[in-house]
Structures are given as C-alpha cells and as structure tokens.
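Please treat every number below as a calculation from the coordinates, not as lab data. Keep in mind that what you see is a predicted model, and the values were worked out from it rather than measured. Here the Cβ positions follow ideal geometry from the backbone for every residue, glycine too, while neighbour counts run over all protein chains shown.
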Amino acid sequence: MIDGVVLKKLRVIVDERGYLMEILRADDDIFQKFGQVYLTTVYPGVIKAWHWHCSQIDYMTCVSGMVKLVLSDGRMDSPTYREVDEIFAGDQNPVLVKIPKMVYHGFKGIGSQIAFIVNTVTEPYNYDFPDEHRKSWDSPDIPYDWSCKNG
C-alpha cells in the first residue's frame, strides 16, 4: 500500500427500513479536518484520471455502483514513490480511502451501472486558484494499464 494511504472498512447498520452507512467521523483516527463534501459520478467503462493535490487530502468512497480506484505515489521523497495501488470500491466493497497530498488518483466505472462517489476533502475548492493538477488518463508518466484484466 502506498505510504499514507489508509483504507477504512465502512460500518453498515441494517434494519427492516433499509441501512445506514457511516463514512467518515470526526473521531476517526484518519480524520484531519473538514473542507467540503461533494458527489461525483462515472458511467460504466469511463475513466476519470489522473489528478492530484498539493494541499488537500481526499477521503473517497463509492456509495453506489462499483469503481476501480487507482493511486500512484508521485512524492519523490516517499518510500513508495511510483508505487501503484488498485482498489475496488463500492457496493461489493464499502470502503473509505484516504488519499494523501501528491498521490495521483483516478477511477474507472466498472459493472453495468453508473457509480456514485462521495469525496470529503480537507480544503474547500478554490475557484480562482484550484488545487487540482492533471495528467492524461493514459500518461506514460504513470505506469498503469486501465484495460480489463481478464483471465
């Protein structure tokens, strides 16, 4: 696992009315501070990658559908520099992923339905000076093949 990346298995509380899933609590060991919460979606087979942040930490979870979340350590001083992690998250694996600063991340919608991702970040989005940096999904700088691995 990339240094600083943390997976939290999510607690799901079920009764006859439905379920409640806790995602991130202020008393979690991994929590640092609150900036903003947003929802994003991805269609099946679509890739949204790559981006990273200099100041913000992401706490990402897929609340409906499934995604292949991929991380690549872009921190030259990290013991896991250039390491790549692949995490399957969503209905079949409800997890929260803490993504440190300077770790490239992206995701691909897998399965047959739209995936809904909730991201809680430590900094509010700055419209004038966004802390969002991008590379193409197929950048040769990141050693990852997004194709389906059959077999």
Legend entry - Filter result for Ile142 (in a loop (DSSP other than H, G, I, E, B), of a type in the set (A, V, I, L, M, F, W, C) and surrounded by 13 or more Cβ atoms within 10 Å (Cβ to Cβ)): yes
Inset, instruction - With respect to Phe107, determine if the residue is farther than 22 Å from Asp145 by Cα and either crowded, with 16+ Cβ neighbours inside 10 Å or touching a residue at least 24 places away in the same chain (Cβ under 8 Å) (or both). - result: no
Inset, instruction - Working only within the range 70-92, note down all residues that are over 19 Å from Asp141 (Cβ atoms) and touching a residue at least 24 places away in the same chain (Cβ under 8 Å). - result: Pro79, Ile87, Ala89, Gly90, Asp91, Gln92
Inset, instruction - Looking only at the range 12-55, count how many residues are touching a strand residue (DSSP E or B) at 6+ places or on another chain (Cβ under 6 Å) and either hydrophobic (A, V, I, L, M, F, W, C) or under 14 Å from Val97 (Cα atoms) (or both). - result: 16
Legend entry - Among (1) farther than 19 Å from Val67 by Cβ; (2) within 17 Å of the chain's Cα centre (by Cα); (3) aromatic (Phe, Trp, Tyr) - the single one Tyr127 does not satisfy: (2)
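Among the residues of the range 93-135, how many are hydroxyl-bearing (Ser, Thr, Tyr) and part of a loop (DSSP other than H, G, I, E, B)?
4
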